[in-house]
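The values are calculated or read from the model by the stated rules, or taken from the named source; none is laboratory data. Please read these numbers as outputs of a predicted model, since none were measured by experiment. Backbone-built Cβ (ideal geometry, glycine too); neighbour counts: all protein chains shown.
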Amino acid sequence: MADDSHPHIDAHTGKTTTGHEWDGIRELNTPLPRWWLWTFYACILWSFGYWIVYPAWPLINGATPGLFGWHSRAAVVEDIKGLETLRGPADAKLEKASLEDIEKTPELLTIARSQGSALFGNNCAPCHGAGGGGSKGYPNLNSDRWLWGGTLAQIQTTITHGARWDADPATHTSLMPSFGKDGILKAAEIRATANFVRSLSGLPTEKDADLALGKKTFADNCAACHGDEGKGNKEMGAPNLTTKVWLYGNSLDDITQRIVVGGGGQMPAWGAKLSGEQIKALTVFVHTLGGGQ
């Protein structure tokens, strides 16, 4: 540390140093520009004004309202009301028309797909993907593989009431038993059933797989929902096991895991959040993604 009782003048700049020195490097005593300081002070004054004029300080049950009484939540609500007013005539047309008429009428179809696209992006895309392609555990809405049915009416019901959504008494409720966790089946029976299920869609099985045991176990425990031939049952949300399309994966380990833990995914009941016109628009949008029946 240099002795600051005798200010050092830097030979290159002609400015004094602060007296601090590290490894022979001295720190110049260069004050901040006046314009920068005044700007900084002005920002401090502005912040005090902002605290007074706008909501800023948190309280136990809210926040200070500010002199203007403005807050972003109210602004969003006002914007939404403006949007609803703008969409009013279009929504009225959707309300009066049936789902089939909406798809057959170019004007209504354009309205429904426009609104449905926005609704899908805001509410459905986090699970099903931006284009409805889905992922492991989340159905692909572009393919003709529907757990609960892919007609307009069936899609509308699923969107409105969801799946396994306890808050809606009309929700789809069927659930696959936990055959392994609950001790319903033994490990050998589960492995044999997984091999048999793979064989239903023409997938290879283990060389030593006991398909006879798997077939019997399937008939005794799985056919009630999936059908004797494993082709599924849309009334119960039981998937068709004869295709190579699998919601949770088609490897032997994936199928074994599903038999062990059972269960099923959840989908919110959007009828509690979206209006009837919005449900219609979303239904038509999903139906026209490419996999509608």
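The residues of the stretch 121-148 that are small (G, A, S) and under 22 Å from E277 (Cβ atoms), listed by number, are G121, A125, G132. Among D168, D144, which is among the acidic types (D, E), touching a residue at least 60 places away in the same chain (Cβ under 8 Å) and touching a helix residue (DSSP H, G or I) at 6+ places or on another chain (Cβ under 6 Å)? The conditions single out D168. Please list, ordered by first then second residue, the pairs with beta carbon atoms under 8 Å, 6 or more apart or interchain, first in the stretch 96-112 and closer than 15 Å to G276 by Cβ, second exposed (fewer than 14 other Cβ atoms within 10 Å of the Cβ). Between residues of the stretch 96-112 that are closer than 15 Å to G276 by Cβ and residues that are exposed (fewer than 14 other Cβ atoms within 10 Å of the Cβ), the close pairs are L99/A153; L108/D101. In the stretch 234-259, the residues that are on the phi > 0 side of the Ramachandran plot reach residues that are buried (at least 16 other Cβ atoms within 10 Å of the Cβ) with C-beta atoms within less than 8 angstrom, at least six apart or across chains, in these pairs: G237/L147; G237/W148; G237/A163; G237/H172; G237/G264; G249/I255. Could you say whether any residue in the stretch 164-176 is in a loop (DSSP other than H, G, I, E, B) and more than 33 Å from the chain's Cα centre (by Cα)? The answer is no; no qualifying residue exists. Scanning the stretch 244-261 for residues that are buried (at least 16 other Cβ atoms within 10 Å of the Cβ), out of contact with any Lys or Arg (no Cβ under 7 Å at 6 or more places or on another chain) and part of a loop (DSSP other than H, G, I, E, B) turns up W246, L247. Taking the stretch 186-214 as the range and being surrounded by 14 or more Cβ atoms within 10 Å (Cβ to Cβ), over 34 Å from the mean Cα position of the chain (by Cα) and farther than 17 Å from W246 by Cα as the test, the residues that pass are E189, A192, A209, D210, L211, L213, G214.
Only a single criterion out of (1) of a type outside the set (K, R); (2) at pLDDT 95 or above; (3) in a loop (DSSP other than H, G, I, E, B) is not satisfied by L282, namely (3).
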